[in-house]
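The values are calculated or read from the model by the stated rules, or taken from the named source; none is laboratory data. Please read all numbers here as calculations on a predicted model, not as lab measurements. Neighbour counts are summed over all protein chains in view; Cβ atoms, including those assigned to glycine, are modelled from backbone coordinates with ideal geometry.
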Amino acid sequence: MPTRDAAAFAVLTLLLLFVAVNLQAGWVYAVDALLVGFAVAGWLSTFLAARPLPVYRRMPPEVFEGDRLTVHLSVGPVSPPRFFVRLGDAVPGLDPGEVFLSLVREQTVVTYETVARRRGVHRVDALDVRSEGITGLFRARRRLACPGAITVLPRYAVLGRFPLPGRRGLELRPYPQPTRTGTDVAGVREFRDGDDPTRIHWRSTARRGHLVVREYEREVEPSAVLLIDTRPDSVDPEGFDDLLRAAASVAHYVTRRGQPVRILADGVSGPVTVGWMEALRFLAAVERDGGRTPFEVCAALPEGTPVVVFTGEADAVPALTSRGLPVVAVLAGSAPGGLLLEALGVPVRVLRRGEEVGACLDS
């Protein structure tokens, strides 16, 4: 489509044509013809620049909230060459970026810097190609297919302490320990001084030519379940993201001490036992679209299972304690009732709006 400059250019061209007709001056006709040729060249270059061209995007598959990252766009090769091409890339969860290429002929790789702003699993299908040609008199825009995906993991804080329910945080022991006891065989290993001779695995000993003993899994008390309240009416989007950052921080606190993490949310049949990175990916994918209360979500948990509940409603917590579940509550900043829960003996951490999550959990 024509730009504002095109209107002024058209008026000038028509004015010169009027002058040429009245004066019958050949040089005015020549100037007017040059102006018309200039406009035609601008229209053709704009039209060609906005035609489909091969574009491929490359970016990290996973980043944390707030991280800076570089997105690479591979453009071309293409014939005929394109001039003055702008690529506008808007990946959900990232700040939009734009690159400018004065000439596209051979394959060219261009980059732009952006920042991950919003947690989630984000997918993008296309990007914009825009051009005003070599004259700036016309403007064209086209959407080009350029699929991609990126996972923005929730930001987390390194906690010095946190009141895990049913135990003291400093009493968490590494998992697994070198010397295992229990009933389930984990594997075999070489005999060491002090090993029980009754654990010698004679078949493996004969095959390897040296003493080999059975190694058993250590019986470990289950770690706390991180229960995420995903009901949209319990917390606003900003508060929900704060709760997930808090859950990521607690998951880091637990896994750093050797325990696996168990996470539970509406839509999951039971607690999902995961490691550190799997916990982050789980939390990145959680949406604020649940329909069940925390009490209903954890109905199948055995009595005595320790639970850390992340919610925007303090009223949802007493129902958990009534089932005999040791509970620690992490509340979004706008949730009242924290003092009442503390009076009931429930440790509470409140995520105050505008403050760092780590400082709120460490307090």
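Structure data summary
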quantity	calculated
Qualifying residue in the range 231-247 (condition: of a type in the set (A, V, I, L, M, F, W, C) and either modelled with pLDDT under 75 or more than 15 Å from Gly290 (Cα to Cα) (or both))	yes
Selection within the range 122-138 - surrounded by fewer than 17 Cβ atoms within 10 Å (Cβ to Cβ) and touching a residue at least 60 places away in the same chain (Cβ under 8 Å)	Ile134, Gly136
Those strands (runs of 3 or more DSSP E) lying entirely in the range 1-112 with at least 3 residues touching a residue at least 40 places away in the same chain (Cβ under 8 Å), on the phi > 0 side of the Ramachandran plot and touching a Lys or Arg at 6+ places or on another chain (Cβ under 6 Å)	none
Hits in the range 251-286 (condition: touching a residue at least 60 places away in the same chain (Cβ under 8 Å) and within 16 Å of Arg119 (Cβ to Cβ))	Ala251, His252, Leu280, Arg281, Leu283, Ala284, Ala285
Test: Val254 is assigned to a helix (DSSP H, G or I), of a type outside the set (S, T, N, Q), modelled with pLDDT under 90 and surrounded by 17 or more Cβ atoms within 10 Å (Cβ to Cβ)	yes
Scan of the range 180-228 for residues that are at pLDDT 60 or above and polar (S, T, N, Q), ordered by number	Thr198, Ser204, Thr205, Ser223
Candidate set: the range 269-324, residues that are polar (S, T, N, Q) and either assigned to a strand (DSSP E or B) or surrounded by 19 or more Cβ atoms within 10 Å (Cβ to Cβ) (or both); chosen: the one modelled with the lowest pLDDT	Thr273
Condition check for Pro77: within 24 Å of Ala149 (Cβ to Cβ), surrounded by fewer than 15 Cβ atoms within 10 Å (Cβ to Cβ) and out of contact with any strand residue (DSSP E or B) (no Cβ under 6 Å at 6 or more places or on another chain)	no
All positions within the range 69-88 that are more than 13 Å from the chain's Cα centre (by Cα) and closer than 30 Å to Val357 by Cα	Thr70, Val71
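Let's see how each residue does on (1) closer than 18 Å to Gly97 by Cβ; (2) under 13 Å from the mean Cα position of the chain (by Cα); (3) not assigned by TED's automatic domain parsing to the domain that holds Ser249:
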{"residue": "Gly120", "(1), (2), (3)": "no, yes, yes"}
{"residue": "Asp125", "(1), (2), (3)": "yes, no, yes"}
{"residue": "Asp128", "(1), (2), (3)": "yes, no, yes"}
{"residue": "Ser131", "(1), (2), (3)": "yes, no, yes"}
{"residue": "Thr135", "(1), (2), (3)": "no, no, yes"}
{"residue": "Arg141", "(1), (2), (3)": "yes, no, yes"}
{"residue": "Leu144", "(1), (2), (3)": "yes, no, yes"}
{"residue": "Val158", "(1), (2), (3)": "no, no, yes"}
